[in-house]
Structure formats: structure tokens, C-alpha cells
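In what follows, a single structure is set out as C-alpha cells and then discussed.
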Amino acid sequence: MKKILILNGPNLDRLGAREPEIYGTQTMSDCLEALAELFPSCEIVYFQSNHEGALIDRLWQANDEGFFGVAFNAGAFTHTSVALLDAIRGIEIPVVEVHLSNVHQREDFRHKSLISAGCEGVIAGFGMQSYRLAVQALLARKG
Ligand code: DQA
């Protein structure tokens, strides 16, 4: 069974309650339940951390465990973290960058992603559907 890691960075443990006007009211567990139903042929594994190093460790672990790919919402670390870019570039499995909001419609500092250069692609602006689209993109990849 293909294992796909849904990886969430800082403050994304508060989805449903955090700035609902931007991120909506759905919780991550609602989203994961929907993903499990939509993709019964995959094992969807979830990890969230507010700590950069823990996210780096989880990326390498997913690589070493032969995961099929990663849908990664790095939260605010997207805009700051060279270390996450290095990890994404270092691992061999594909990573799709995910954002719930359309970061390009928001403050200037959210327009720049340091991690995009290492990712297969970017999905932003579709709320919780962004995770579904990222999993679909991973599954549609060749090779
Ligand atoms: C986010 C966008 C980031 O700019 C922000 O810091 C987040 C969430 C999104 O999913 O839209 O924490 O990654």
C-alpha cells in the first residue's frame, strides 16, 4: 500500500479554531477522515509539529521508510526555512507544497516561499481541498 505523509507545520494543529475567516472551520481530523475515504488504496499518515527540527526529522524518516510522497503545509516556515528546503532537496521522495489560503492574495511576506524550489509543485488557495489535490497530484505522478 502506498504511504502518503500529510505533514503540517506550526499553528496548523489549531485548524477549525484558528482564524476561521482565512482557514475555515473544518478540523484536520475531519479532513483526514475524508482523505482516508477518498483514497482507500493509500495509507494516509499524519504528522504535525510546531517545531522546525521535528518536521525535518519526519521528512527524512518518511524518505527512509519508503513513503510514496509528502503533502507538506509548512505554515509560516514556508517563508523562512532554508533548513526545510535542504531537507526537501535531500530526500528522494516527492513533496507537494500545500497551503489552505491563497498566499499570493495575502501580505507580501507570504508571497515568497523558500521551500517551493525543492517541491514538485504548489497547491494553494483551496482550503482543506488543497490536501486532497496534493494527494491526487502525488498519485498522478509518473515514476
Ligand atoms: C498557510 C499560509 C502561511 O502563510 C501561514 O503562515 C500558515 C498557513 C496556509 O495554509 O495557507 O500558517 O501555510
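Listing for the model above:
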| quantity | calculated |
| --- | --- |
| Candidates GLY90, GLY66, GLY53, filtered to the one that is more than 15 Å from the ligand (Cβ to nearest atom), within 19 Å of ALA140 (Cα to Cα) and at pLDDT 95 or above | GLY66 |
| Every pair of residues 6+ apart whose Cβ atoms lie under 6 Å, when the first sits in region 1-19 and is open to solvent by 80 Å² or more (accessible area, probe 1.4 Å) while the second is more than 11 Å from the ligand (Cβ to nearest atom) | MET1/GLU43; LYS2/CYS42; LYS2/PHE68 |
| Where a residue in region 39-51 is of a type in the set (Ser, Thr, Tyr) and its partner, wherever it lies, is open to solvent by less than 80 Å² (accessible area, probe 1.4 Å), with Cβ under 6 Å and at least six apart | TYR46/ILE6; TYR46/LEU32; SER49/LEU55 |
| Options SER101, SER130, SER113; residue that is within 12 Å of the ligand (Cβ to nearest atom), open to solvent by 20 Å² or more (accessible area, probe 1.4 Å) and touching a residue at least 12 places away in the same chain (Cβ under 8 Å) | SER113 |
| Failed criterion for ALA71 (all others in (1) within 10 Å of the ligand (Cβ to nearest atom); (2) open to solvent by less than 40 Å² (accessible area, probe 1.4 Å) hold) | (1) |
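The values are calculated or read from the model by the stated rules, or taken from the named source; none is laboratory data. In this text, all values refer to a predicted model and were calculated from it rather than measured experimentally. Don't worry about glycine lacking a Cβ; one is built from the backbone with ideal geometry, like all the others, and counts go over all protein chains shown. For the accessible areas, the whole protein counts, side chains as well, though only heavy atoms, and no ligand, DNA or RNA atoms are used. Shrake-Rupley method; radii C 1.70, N 1.55, O 1.52, S 1.80 Å.
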